[in-house]
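Asker: Sending over a structure as C-alpha cells; questions will come in a sec.
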Amino acid sequence: MRRSGKGGGRDKRPRQTGDRRFDKERRFKRDLAKESSQRGPQEAPLTERQLRSVEKLLSGIGVPEPKPFQPDPFQLEALAAIEHEDVLVTAPTGSGKTWIAREEIRRLLGKNLRAWYTTPLKALTNSKYVEFSQEFGAGNVGILTGDRKENTDAPLIVGTTEIYRNQLFDALRTGSQVSTDFVIIDEAHYLADEDRGHVWEETIILTPPRVRMLLLSATVGKAEEFARWIEEVRGARVHVVNRAGSRPVELRAAYLSPGLQLYPLFDDRGEFNRDIDQFATRRGNPYRRR
C-alpha cells in the first residue's frame with residue numbers, strides 16, 4: 001500500500017529483485033563493471049611507432065591564425081556570371097560555395113528583391129535559417145519546412161526543396177507567379193537520387209526563366225552535361241564553375257579503442273591500419289562484430 005505525504009506519494013520501501021526497473025539497473029551496472037574490467041588490462045600501451053602515427057594524425061589541428069578574407073577566383077567567377085545567367089558551381093566541401101549564395105542574397109536584399117534557399121534536409125534548413133538570420137537580420141529571413149513555418153513573407157525564405165517545388169505547383173495551378181526573383185538549390189546532386197530525384201527535376205523544370213538559379217554541389221558528376229540539360233528545359237544559359245581539386249579542409253579518420261586509445265584508420269601508405277584488427281577479433285570484446 002502506497003502512502004502519500006511530504007514524500008510526494010513515493011513508495012519508501014526498498015526496491016527488491018522482481019522490480020523490473022531495479023533489475024534493469026542491476027544488469028546495466030553489472031555489465032558496465034564487466035566491460036570496464038575487460039578494457040585497460042587487455043590493451044597494451046602504444047608503441048613508439050604508434051605514438052608517432054597519432055602525433056601525425058593530430059598535427060596541425062586547431063584554430064588557424066585570423067587573416068583577411070580573400071575570395072577565390074571561382075567564387076568571383078560565379079558572382080559575376082549569376083548577374084546575367086544561371087550558374088552551376090561544383091566544388092569540394094569546405095571550399096566556400098555558400099559564400100557565393102550569401103553575397104548574391106546580400107545584393108538582392110539591397111535591391112528589395114526576393115530569394116529562396118532550398119536544401120534537401122530539415123536539419124540543414126534549420127541550420128541555414130539560423131545562420132542567415134544572424135547575418136541578414138531575423139526580420140529578413142523566413143523558414144518553410146514540413147514542421148516549421150515562420151516569417152513566410154520575408155524577402156529571403158529558407159526551406160526544403162519539396163516545399164519550394166510545391167509552391168511552383170501552386171503557382172502553376174492558380175496561374176500566378178512564384179514569389180521570388182532568385183533561387184539557390186543546395187546539394188543539387190540530389191537530382192540523381194533514386195527516391196527523391198524527381199523533386200529536383202520538377203523544381204528545375206518548373207522554375208520560371210525569369211527566376212535566376214544558382215545550383216551548388218560538391219559531388220555532381222558530368223557538370224557540363226547537367227548544365228546542357230538545364231539549358232534545354234529552362235531555355236536559359238547555364239554557366240558552369242568547376243573548382244577541381246582536393247578539399248581545403250583535410251579529413252582525417254581515426255578509431256577510438258575501448259581503452260580510449262586513438263589509432264589512425266589508415267597507415268602511411270593509405271591502407272587500412274592493421275593495428276585495429278585486434279579489436280575486431282578479440283574474444284569477449286563487447287565491440288566485436290557478431
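Asker: Out of 203, 207, report the one residue that is modelled with pLDDT of 85 or more, closer than 30 Å to residue 172 by Cα and within 23 Å of the chain's Cα centre (by Cα).
Answerer: Answer to the selection: 203.
Asker: Here are some residues: 128, 149. Which one is within 27 Å of residue 192 (Cα to Cα) and under 22 Å from the mean Cα position of the chain (by Cα)? Can you show your working first?
Answerer: Details: 149 fails: within 27 Å of residue 192 (Cα to Cα).
Unique residue meeting the criteria: 128.
Asker: Oh, and also: Can you pull out the residues in segment 251-276 that are part of a helix (DSSP H, G or I) and either basic (Lys, Arg) or over 17 Å from residue 51 (Cα atoms) (or both)?
Answerer: 274
Asker: May I ask you to verify whether residue 237 is surrounded by 18 or more Cβ atoms within 10 Å (Cβ to Cβ) and in contact (Cβ under 8 Å) with a residue 24 or more places away in the chain? Before you say what the answer is, go through the steps one by one.
Answerer: Numbers: surrounded by 18 or more Cβ atoms within 10 Å (Cβ to Cβ): no; in contact (Cβ under 8 Å) with a residue 24 or more places away in the chain: yes.
Judged against the criteria, residue 237 is not a match.
Asker: For segment 85-99, what are the residues that are without any contact (Cβ under 8 Å) to a residue 40 or more places away in the chain and over 23 Å from residue 129 (Cβ atoms)?
Answerer: The answer is none; no residue qualifies.
Asker: Could you figure out which of (1) surrounded by fewer than 16 Cβ atoms within 10 Å (Cβ to Cβ); (2) under 12 Å from residue 241 (Cα atoms); (3) touching a residue at least 60 places away in the same chain (Cβ under 8 Å) isn't true of residue 76?
Answerer: For residue 76, the exception is condition (3).
Asker: What do you reckon, is residue 50 in contact with an Asp or Glu (Cβ under 8 Å, 6 or more places away or on another chain) and either part of a helix (DSSP H, G or I) or modelled with pLDDT of 80 or more (or both)?
Answerer: yes
Asker: Next question, about the same structure. Spot the failing condition for residue 102; the list is (1) surrounded by 19 or more Cβ atoms within 10 Å (Cβ to Cβ); (2) of a type in the set (Lys, Arg); (3) without any contact (Cβ under 8 Å) to a residue 40 or more places away in the chain, and only one is missed.
Answerer: The number of the failed condition is (1).
Asker: Have a look at 219, 180, 203 and point out the one that is of a type in the set (Ser, Thr, Tyr), under 21 Å from residue 117 (Cα atoms) and assigned to a helix (DSSP H, G or I).
Answerer: On the way: 219 fails: assigned to a helix (DSSP H, G or I); 180 fails: assigned to a helix (DSSP H, G or I).
Sole residue among the options that is of a type in the set (Ser, Thr, Tyr), under 21 Å from residue 117 (Cα atoms) and assigned to a helix (DSSP H, G or I): 203.
Asker: Out of 90, 98, 47, report the one residue that is in contact with a helix residue (DSSP H, G or I) (Cβ under 6 Å, 6 or more places away or on another chain) and among the polar types (S, T, N, Q).
Answerer: One residue alone meets the criteria, 90.
Asker: Something else about it: Quick test for you: out of 255, 190, pick the one residue that is hydroxyl-bearing (Ser, Thr, Tyr) and touching a Gly at 6+ places or on another chain (Cβ under 9 Å).
Answerer: It is 190.
Asker: Going by the conditions given, is residue 267 farther than 29 Å from residue 63 by Cα and of a type outside the set (A, V, I, L, M)?
Answerer: So residue 267 does not fit the description; no.
The values are calculated or read from the model by the stated rules, or taken from the named source; none is laboratory data. Everything numeric here is computed off the predicted structure, so don't read it as measured data. Reconstructed Cβ throughout: ideal geometry from the backbone, glycine too, with neighbour counts over all protein chains shown.
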